[in-house]
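The values are calculated or read from the model by the stated rules, or taken from the named source; none is laboratory data. Computed from a predicted structure; not experimentally measured. Don't worry about glycine lacking a Cβ; one is built from the backbone with ideal geometry, like all the others, and counts go over all protein chains shown.
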Amino acid sequence: MEKSIVAGLLMLIVCNNIVLGQTSDMIGREYNIIQSNRQDGRFLNTYGVVHAMLSHIQPECAFQPEMTFEDFREWQCKVRKSMQEIMKFPDIKGMPEPRRIDSAQRDGYKLEKWEFYPLPECVSTFLVLIPDSLDKPAPAILCIPGSGQSKEGLAGEPGISPKLNDDYQNPKVTMARNFAKAGYIAVVVDNPAAGEASDLEQYARGRNYNYDLVSRVLLEMGWSYLGYTSYLDMQVLQWMKAQPSIRKDRIILSGFSLGTEPLMVLGTLDPSIYAFIYNDFLCQTQERALVMTAPDKNGTRPFPNSIRHLIPDFWRKFNFPDIVASLAPRPVILTEGGLDRDLNLVRTAYKIAGHPENVEIHHYPKYADPHTRTNIEALPKGIDRDEFYRLVNVDGANHYFKSELVLPWLKKFLE
């Protein structure tokens, strides 16, 4: 009996592999590119319909290189207004003031933990690293983690449980501690659904945080993961401005990977922020969705990102390079490149704003030489995820917080 069951299972596996193999062979490269086989150009399949609809969208707030300085200032206001509309921050008053709940001495700095209360249903936390050397108000950096990271990891501390430990002794991770060691106040937050804000991950999944579950609920309520994240981070930013130890005219935002998205939102909404550390590659997100259409071996087409990146109406307003361009003339450093096409758009914005020296751009070392980079005006259609990353000059194995670039840049602008 047992032998017959095993034989049956083996036969089922073989049959499944044959079917998958047939599926893979049947879906050839001619299906990579989305195109209609009708003379009128219409699509019967719904994916073709929505893909065509997306291709027709021209973002309302796209940056125009021929802008005058006056045009540029008006455009910045339009970007800010559009960001306010789609982020949908709630207007909530009467919440308790943040309070410090713990303090401990570390090597060269003090580590504080604070609670704040951004919503009637919510308590959230952040960490503050204060160098011992400070004797007057100092610049401060709001540090926003990447996917899978926590505020504890960025501060060089163990996670709230062993399963949530980042590589918290690695200087490629410890963004906030690196800043504190360099003499700056560092304030570090969790992303929603991560670290201390996670659910059951400390017992089971570990740092494979379930961002998509809360993103789905937020979207169903008419909000978004980025809107919620940015709203919480804005409360911490306002707290920073009220601290006598922090120079209100020298507050910097530092975002790694996923953290660059709330950085862009806060930078757009708050013109008082002094400077920005953008630690990721820069790309046109709408284009990414349009060209990444090659199906996998099972006949499934990819989507560039998970639903935690989705904001209703975002593509109708702008793409990432447009938002970064709108930060001009405030200092910005981009540490992991992208297409020169998109980076040159940012350079042009800073030139129009009168301060081309305030933008500093680095590429992954693998692509530091211009001759090693892809330099095109439009990405080819019908590519997969790996090809996309290769074409936009991304070296994923070396995606980390690049203190070796950021700290000298900070010194130049702050000292």
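One residue stands out among those in region 225-259 that are in contact with a helix residue (DSSP H, G or I) (Cβ under 9 Å, 6 or more places away or on another chain) and free of Cβ contacts under 8 Å to residues at least 60 places away in the same chain: the one that is nearest to residue 144 (Cα to Cα), which is 229. In contact (Cβ under 8 Å) with a residue 40 or more places away in the chain and outside any helix (DSSP H, G or I): is that true of residue 72 in this structure? Answer is no for this residue. Here is the figure for region 260-272: residues that are crowded, with 21+ Cβ neighbours inside 10 Å and either among the charged types (D, E, K, R) or touching a helix residue (DSSP H, G or I) at 6+ places or on another chain (Cβ under 7 Å) (or both) total 6. The number of residues in region 258-287 being in a helix (DSSP H, G or I) and closer than 24 Å to residue 88 by Cβ comes to 14. Can you confirm whether residue 146 is part of a loop (DSSP other than H, G, I, E, B), touching a helix residue (DSSP H, G or I) at 6+ places or on another chain (Cβ under 7 Å) and either within 22 Å of residue 308 (Cα to Cα) or of a type in the set (A, V, I, L, M, F, W, C) (or both)? Yes: the conditions hold for residue 146.
Going by the conditions given, is residue 50 in a helix (DSSP H, G or I) and touching a helix residue (DSSP H, G or I) at 6+ places or on another chain (Cβ under 7 Å)? Answer is no for this residue.
Between 393, 398, the distinction of being in contact with a strand residue (DSSP E or B) (Cβ under 9 Å, 6 or more places away or on another chain) and closer than 21 Å to residue 255 by Cβ belongs to 393 only. Does residue 58 count as assigned to a strand (DSSP E or B) and without any contact (Cβ under 8 Å) to a residue 60 or more places away in the chain? No. Output yes when any residue across region 285-304 is modelled with pLDDT of 95 or more, surrounded by fewer than 20 Cβ atoms within 10 Å (Cβ to Cβ) and of a type in the set (Phe, Trp, Tyr), and no when none is. Looking for residues that are modelled with pLDDT of 95 or more, surrounded by fewer than 20 Cβ atoms within 10 Å (Cβ to Cβ) and of a type in the set (Phe, Trp, Tyr), one finds none in region 285-304, hence no. Going through (1) under 26 Å from the mean Cα position of the chain (by Cα); (2) part of a loop (DSSP other than H, G, I, E, B) one by one, residue 123 falls short only on (2). Only one entry of 67, 83, 95 meets the criterion of being more than 27 Å from residue 221 (Cβ to Cβ) and aliphatic (A, V, I, L, M), and that entry is 67. Residue 313 - would you say it is of a type outside the set (A, V, I, L, M, F, W, C), exposed (fewer than 13 other Cβ atoms within 10 Å of the Cβ), over 30 Å from residue 271 (Cα atoms) and at pLDDT 95 or above? No; evaluated as a whole, the condition is false for this residue. Residue 245 meets the stated requirement of being hydroxyl-bearing (Ser, Thr, Tyr), out of contact with any Asp or Glu (no Cβ under 9 Å at 6 or more places or on another chain), within 25 Å of residue 187 (Cα to Cα) and modelled with pLDDT of 95 or more.
Within region 94-109, the residues that satisfy the criterion of being surrounded by fewer than 16 Cβ atoms within 10 Å (Cβ to Cβ) and either assigned to a strand (DSSP E or B) or free of Cβ contacts under 8 Å to residues at least 60 places away in the same chain (or both) are 94, 95, 96, 97, 99, 100, 101, 102, 103, 104, 105, 107. The set of residues from region 178-198 being farther than 19 Å from residue 116 by Cα and touching a residue at least 60 places away in the same chain (Cβ under 8 Å) comprises 178, 179, 180, 181, 182, 184. The helices (runs of 4 or more DSSP H) found wholly in region 308-415 and carrying at least 1 residues that are touching a residue at least 24 places away in the same chain (Cβ under 8 Å) and touching a helix residue (DSSP H, G or I) at 6+ places or on another chain (Cβ under 6 Å) occupy 314-317, 320-325, 340-352, 403-414. When residues in region 154-171 are screened for being touching a helix residue (DSSP H, G or I) at 6+ places or on another chain (Cβ under 8 Å) and either among the polar types (S, T, N, Q) or more than 19 Å from residue 251 (Cβ to Cβ) (or both), 10 of them pass.
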